[in-house]
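Here the structure comes first, spelled out in structure tokens, and everything after it is commentary.
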């Protein structure tokens, strides 16, 4: 921050102080009182020096915003902000969204401070992070210096989950509780063993066979687990926002149970997978559906 992006004006206390100085000056002129003249001009010089003292609190500060974790609609997101100062004196500043959440703190000489600015979310989708304001009235509160920090990125707000038990269909019209259904997933290679009668050619490890001179086969381990597709069409008769909320709940339940799950909503088809990145992909698709 520098003189190019730091603004300064008198505060309410400063305007009252200016009115007092004007009254004192008129009194000194009316009574030709040298003592009042001296006190008035001394206070004027004090106020003039305060302009520089207030401005230098922000001048030279560095601010950076960290990664914002997605949250659900209705929750409060946390915006991590780092403020660092290379000054040789302490500064008192206020950082946050005006009228929402603002935090006051003091930076010691050469200190770097991490703060989390909270912002309430109301609906799903991509929430652009508005400009945050940093300001100070230190040291005497006569002037207010401030600057705006523009953030050129947004954060994904997931639909608010509506918890309902997950039911999985086996394809013939019957439905089973998801926790009781187990299907065989993809095979994983767990090691190398001697060739056994009945092993297919695809199962033979030709590389190890050539090295050892005797036939070797891959040892495959079958992973047991649920593989399901969370489908928009399974929630017929419900409003779109209700469907999105229930699908968001199902995604969280499937991830918590370690299932492999996919997502089918109008215009979006996500194949089965698992892990935090896959969960974020599914919830993001639900969050931005119908808004982009």
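The values are calculated or read from the model by the stated rules, or taken from the named source; none is laboratory data. Since this is a predicted model, take the numbers as computed values, not measurements. Reconstructed Cβ throughout: ideal geometry from the backbone, glycine too, with neighbour counts over all protein chains shown.
If you go through the range 239-262 one residue at a time, how many are over 24 Å from the mean Cα position of the chain (by Cα) and either over 16 Å from residue 165 (Cα atoms) or buried (at least 20 other Cβ atoms within 10 Å of the Cβ) (or both)? Break it down into steps so the answer makes sense when it comes.
Looking only at the range 239-262, we keep the residues that are over 24 Å from the mean Cα position of the chain (by Cα), and these are 239-240, 242-243, 257-262.
Within this subset, residues satisfying the condition of being either over 16 Å from residue 165 (Cα atoms) or buried (at least 20 other Cβ atoms within 10 Å of the Cβ) (or both) are 239-240, 243, 259-262.
Of the residues in the range 239-262, 7 are over 24 Å from the mean Cα position of the chain (by Cα) and either over 16 Å from residue 165 (Cα atoms) or buried (at least 20 other Cβ atoms within 10 Å of the Cβ) (or both).
Considering the range 244-274 alone, what residues qualify as being under 19 Å from residue 72 (Cβ atoms) and free of Cβ contacts under 8 Å to residues at least 12 places away in the same chain?
256
Inside the range 77-137, counting only strands (runs of 3 or more DSSP E) that do not spill past its ends, which hold 2 or more residues that are surrounded by fewer than 20 Cβ atoms within 10 Å (Cβ to Cβ) and in the same structural domain as residue 62 (by TED's automatic domain parsing)?
Values: elements: 91-97, 101-107, 112-120, 125-128, 132-136.
Ranges flagged: 91-97, 101-107, 112-120, 125-128.
Rundown of residues vs (1) under 41 Å from the mean Cα position of the chain (by Cα); (2) surrounded by fewer than 15 Cβ atoms within 10 Å (Cβ to Cβ); (3) part of a loop (DSSP other than H, G, I, E, B), yes/no style:
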site	(1), (2), (3)
5	yes, yes, yes
14	yes, no, no
17	no, no, no
23	no, yes, no
38	no, yes, no
46	no, yes, no
64	yes, yes, no
